[in-house]
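A short reminder: the numbers here are calculations on the coordinates, not readings from a lab. Owing to the predicted nature of the structure, the values given are computational and were not obtained by experimental measurement. Note that each Cβ is placed from the backbone with ideal geometry, even for glycine, and that neighbours are counted across all protein chains shown.
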Amino acid sequence: MANLTNLYDVSKCTACRACQVACKNWNQLPAAIEPFKGNYQTHEDTNGDTYTIVRFIEHEDPVGGVTWNFLKYQCMHCSDPACMKVCPRGAYSKTEWGATIHDPDKCIGCQYCTYACPFGIPKYREREDKVAKCTLCADRVEEGMQPACAATCPTGALKFGDRYELLQYAEERVNFLRANGYPNATIYGKLELGGLNKIYILTDTPDKFGLPVDPKIPGQIPFWQDIVQPYFGWLIPLALAGSAVSFVTTRLLANKHKENKKGGHE
Amino acid sequence: MQLLTEYREDVERVERFNFVSRLTHWGHTVTFLLCLLTGLILFLDGVDWLAAIFGGYNSAGLIHRISAVFMTLFIIIFIIFDFKGIKAWIKDILSFGKNDIIFILKFPLEFLGFEVKMPPQTRFNGGEKGNSILTPTCVILLVLSGYIMWFPAAFPPGLVRVAYPVHDIAMILSTFMVCMHGYLGSFHPGSGESFWGMWKGTVRADWAKHHHPIWYEETYGEKKAE
């Protein structure tokens with residue numbers, strides 16, 4: 001099955017946050033009210049009850065004044081997700097059409113995934129002692145519907161469909177933007193981390209939107225998962241086997257020398 | 001077949017470990033094993049039967065944390081009530097020298113049951129010194145990295161990511177040492193009295209003279225410092 005993905009076009013986004021509301025509505029998530037921080041952004045970051053947010057990134061330009069870069073931020077549904085790699089309970093899985101989904105029944109709230117994710121997406125949900133994140137509305141998509149955010153977007157900034165077709169659309173769109181006043185316009189998610197199952201059309205370079213320019217899984221994670229976990233553990237059975245061998249040989253040798261020694265200690 | 005050396009009261013015995021040392025030692029035995037078994041559930045992946053013994057994944061996690069808190073408390077008790085003992089212990093470990101290296105080099109033969117003539121040892125022999133360095137270091141690393149993993153939000157993310165492999169490596173090294181130590185301190189015939197030294201607190205004087213002559217002379221012998 002072809003990869004189905006969400007495309008987000010920054011240049012069409014008006015930051016109405018209907019996607020945020022639709023997401024809360026469909027996933028039946030309670031409001032997470034945060035104190036006013038002096039800007040229009042509702043939440044500092046995604047959290048256990050907020051799978052997606054619209055970032056309001058302010059840039060001050062001496063000529064143009066203050067400008068906003070909007071960015072809808074949520075799980076990127078990586079093709080080789082770090083969360084899936086570290087999860088000790090195998091709670092993460094990839095659907096055959098590309099979504100990374102998390103099974104709360106298996107989750108034990110250890111939060112290994114939170115710190116492995118290069119985008120910091122899986123968040124701890126205190127009220128359940130579990131982690132939660134965007135599902136790309138796998139439940140809706142499997143019933144032939146669009147994700148709640150894409151279905152509700154009034155400006156067409158969010159589109160859902162075949163990844164290959166959306167990438168072609170994104171190329172055209174980026175070319176158009178580059179020719180019309182956004183020389184740095186670019187696609188994000190096409191090549192990053194081997195291709196994300198989430199495509200962004202950005203009007204500027206990714207760092208202007210707070211996205212990691214070259215996202216990487218933090219080095220400690222592969223060291224831990226690919227070297228320590230599979231190989232170091234063999235020391236323990238080695239110690240047990242050594243003790244077992246010694247248990248037998250010491251007693252065999254002691255029996256041999258029995259005639260010149262008596263008693264329990266040397 | 002005899003498993004442990006017989007405990008004999010009819011011969012002269014000398015004190016080897018005081019009450020606080022023994023309490024800390026056995027307290028750590030229980031908490032370490034509980035932490036190990038509950039922790040292995042996640043390390044090994046897919047050992048549902050082990051999780052079931054502890055009442056499922058969530059209660060295994062709870063037992064892991066409660067044991068870890070007690071493990072920390074035993075360290076604190078040891079520091080508060082036997083600081084002098086810790087100082088003497090560290091001093092002995094740091095006196096690691098030629099005799100200890102010879103001991104460790106010859107030890108594999110003794111381990112298998114061959115007769116080996118060992119150089120005179122202090123209170124802790126070369127192998128015990130190695131165990132005394134490695135295991136407590138690993139336990140301190142386990143405790144520190146464990147609290148970081150328990151409350152990740154309170155620490156910088158980079159530190160949390162380091163804590164995961166550190167917790168695993170320290171667990172593996174300390175479990176390796178604990179397996180060896182558990183066997184050598186009990187069923188290995190050559191170790192003889194050392195089990196009673198930790199269980200009852202005293203060892204036979206003749207055993208102490210034979211296995212730890214330097215310590216025996218300094219503590220109970222003629223050169224005893226008054």
Problem set entry | In Hz, Karplus ³J(HN,Hα) per residue of segment B:177-185 (6.51, -1.76, 1.60; θ = phi - 60°; x = Gly, Pro) | 5, 5, 4, 5, 5, x, 6, 5, x
Exercise. Which loop chymotrypsin sites (Phe, Trp or Tyr not before Pro) in segment B:37-101, with loop taken from DSSP, have no more than 14 other Cβ atoms within 10 angstrom of their Cβ?
Worked result: none
Exercise. Of all the stretches in chain A, which is the longest one without any exposed loop site, taking trypsin sites (Lys or Arg not before Pro) in a DSSP loop (any state but H, G, I, E, B) with at most 12 other Cβ atoms within 10 Å?
Worked result: A:38-126
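With r defined as the distance between the Cβ atoms of residue B:159 and residue B:134 and R0 fixed at 25 Å, what FRET efficiency is calculated, to the nearest 0.05?
Values: r = 23 Å, r/R0 = 0.92.
Calculated transfer efficiency: 0.60.
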Problem set entry | FRET efficiency estimate (nearest 0.05) - Cβ-Cβ, residue A:184 to residue B:65, R0 56 angstrom | 0.70
Problem set entry | Of B:35, B:138, B:179, the one that fluctuates the most in a GNM where chain B has Cα springs shorter than 10 Å | B:179
Seminar exercise, completed: Measuring from the longest principal axis of the C-alpha atoms of chain A, the long axis of helix A:163-179 (C-alpha) lies at a number of degrees, nearest 10, equal to 50 degrees
Problem set entry | Cα-projected label distance for residue B:84 with residue B:117, points at 7 Å along beta-carbon direction, nm | 3.8 nm
For this session: May I ask which residue of B:49, A:191, A:21 lies farthest towards the positive end of the charge dipole of the protein assembly as shown, with charges of +1 (Lys, Arg) and -1 (Asp, Glu) on Cβ and the Cα centre as origin?
Result: B:49
Exercise. Counting alpha carbon pairs within less than 8 Å and at least 6 residues apart, what relative contact order, in whole percent, applies to segment A:149-244?
Worked result: 17 percent
For this session: Compute the signed sum of charges (Lys and Arg +1, Asp and Glu -1) over the other residues within less than 10 Å, Cβ to Cβ, of residue A:7.
Result: +2
Exercise. So, in Å, what gap is there between the alpha-carbon centers of segment B:132-179 and segment A:196-234?
Worked result: 24 Å
Exercise. Taking chain B as a Gaussian network, Cα atoms linked when under 10 Å apart, which of B:44, B:173, B:105 shows the biggest mean-square fluctuation?
Worked result: B:44
Seminar exercise, completed: Helix-only [θ] at 222 nm, the protein assembly as shown, -39500 (n - 2.57) per DSSP H run of 4+, per residue, nearest 500, equals -14500 deg cm²/dmol
For this session: Please find the FRET efficiency linking residue A:248 to residue B:104, where r is the Cβ-Cβ separation and R0 is fixed at 25 Å, and quote it to the nearest 0.05.
Result: 0.65
Exercise. List the chymotrypsin sites (Phe, Trp or Tyr not before Pro) in segment A:64-113 that DSSP assigns to loop (not H, G, I, E or B) and whose Cβ has at most 14 other Cβ atoms within 10 Å. Which are they?
Worked result: none
For this session: Give A:85/A:159; A:130/A:198; A:12/A:130; A:130/A:159; A:12/A:85; A:256/B:87 a once-over and call out the pairs whose C-alpha atoms are over 32 Å from each other.
Result: A:12/A:130; A:12/A:85; A:256/B:87
Seminar exercise, completed: Checking A:84, A:76, A:145 against a Gaussian network model of chain A (alpha-carbon springs below 10 Å), the top fluctuating residue turns out to be A:145
Exercise. Distance in nm between label sites at residue B:48 and residue A:226, each 7 Å beyond Cα in the beta-carbon direction?
Worked result: 3.1 nm
Exercise. How many nm is it between the label spots at residue A:33 and residue A:93, if each spot is 7 Å from the Cα in line with the beta carbon?
Worked result: 3.9 nm
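Any idea what % of Cα-Cα pairs in chain A are farther than 24 Å? Show your work: numbers first, answer last.
Numbers: 19978 of 35245 pairs.
Tail of the P(r) past 24 Å holds 57 percent of the pairs.
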